[in-house]
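I have placed the structure first, in the form of structure tokens, so that the comments after it can refer back to it.
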């Protein structure tokens, strides 16, 4: 069955997508010498301004700060030779990058705002809600937020690692209906098109399963960015869990956004049933404190909307406290759910496989209803 490309790309038009997140990759924004591709960027900004004029609220997730700053500081390896170089390059490049976006948008009468976030800003529930409120207010006021990871303070342990997943989390926080990842690739293929001439573009993905994940290639075409196809599929999972469609499209041509809307050439990942706000936030979490392995019976019960009881658990992994986010792993090693732990890891390990009637004697206190309650859990 041939996918209806025009219908799929229309999902991201002002008429069908009141709030849109557009992610622009480093290789598109910055040339190999580390200079901003101003003429190309001007055509994209015109697309965004036209969408804005048509009533669409647009947020931009922009890469390029490290590449731009490395050129200005004359740092080797594009500013990625060390963490310190990357942080210095980001601090130097971000101010220039933001100014370019602000000037280009202002030329069309559009006000820009800058938001720099860290992983913790969207992983901590309270800070996530604050970021969500800020995004909502800016977009409601007709401002175009330009968002990037705060690479000047991020470390390997506390970072998104790529702006694909950041864009999906921003869409979730902003309540966007669509995400367009403009990249140096034009979509998901059945195999790496650089190595397999018979590889075919997949125009539509209705469910991200093992077969789809197997098609991903972790490498980038340019070598400049940090995300490959794996990160884009992970971004699609996050966006889809929040009820947003996500498209991967090439940005190599002028007017990249409008070109995608007109041609439909790319891959669209369609959302399934939209989860509640709290559960969507859980599904999109990137930092997980631990895991609980379960038997087949418990896995089946979770699929029917049940809580995870101690009797269905087989093993506890990691060091976590009550309230931390943990994954649920089925007998095949697949992550099937994610939720807030009702016990710390030590007590959870003591009650693995035990019936509810035995828990009070084992723990020495009145037990909680479940290791993870269904109200604080989302299926993946």
Selection status of residue 306, modelled with pLDDT of 90 or more, closer than 30 Å to residue 244 by Cα and either assigned by TED's automatic domain parsing to the domain that holds residue 242 or in a loop (DSSP other than H, G, I, E, B) (or both) = yes
request  = Could you check residue 48 against (1) under 17 Å from residue 183 (Cα atoms); (2) more than 22 Å from the chain's Cα centre (by Cα); (3) touching a residue at least 24 places away in the same chain (Cβ under 8 Å) and say which number it fails?
outcome  = (2)
remark   = Picked from the stretch 38-70 (must be modelled with pLDDT under 95 and assigned to a loop (DSSP other than H, G, I, E, B)), the residue farthest from residue 248 (Cα to Cα) is 64
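So if I check each of 74, 23, which one is in the same structural domain as residue 143 (by TED's automatic domain parsing), modelled with pLDDT of 90 or more and in contact with a helix residue (DSSP H, G or I) (Cβ under 7 Å, 6 or more places away or on another chain)?
Numbers: 74 fails: in contact with a helix residue (DSSP H, G or I) (Cβ under 7 Å, 6 or more places away or on another chain).
Going through 74, 23 in turn, the sole match is 23.
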Cβ-Cβ under 6 Å pairs, at least 6 apart or on other chains, the stretch 118-143 side under 21 Å from residue 51 (Cα atoms), far side in a helix (DSSP H, G or I) = 135/173; 135/174
key: Single match in 338, 285, 368, 322 (criterion: under 30 Å from residue 178 (Cα atoms) and part of a loop (DSSP other than H, G, I, E, B))   = 285
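Being at pLDDT 90 or above and touching a strand residue (DSSP E or B) at 6+ places or on another chain (Cβ under 7 Å) is true for just one of 333, 323, 312. Which residue is that? Walk me through how you get there before you give the answer.
Working: 333 fails: touching a strand residue (DSSP E or B) at 6+ places or on another chain (Cβ under 7 Å); 323 fails: at pLDDT 90 or above.
None of the other options fit; the residue is 312.
The values are calculated or read from the model by the stated rules, or taken from the named source; none is laboratory data. A quick note: this is a predicted structure, and the numbers were derived from the prediction, not measured. Neighbour counts are summed over all protein chains in view; Cβ atoms, including those assigned to glycine, are modelled from backbone coordinates with ideal geometry.
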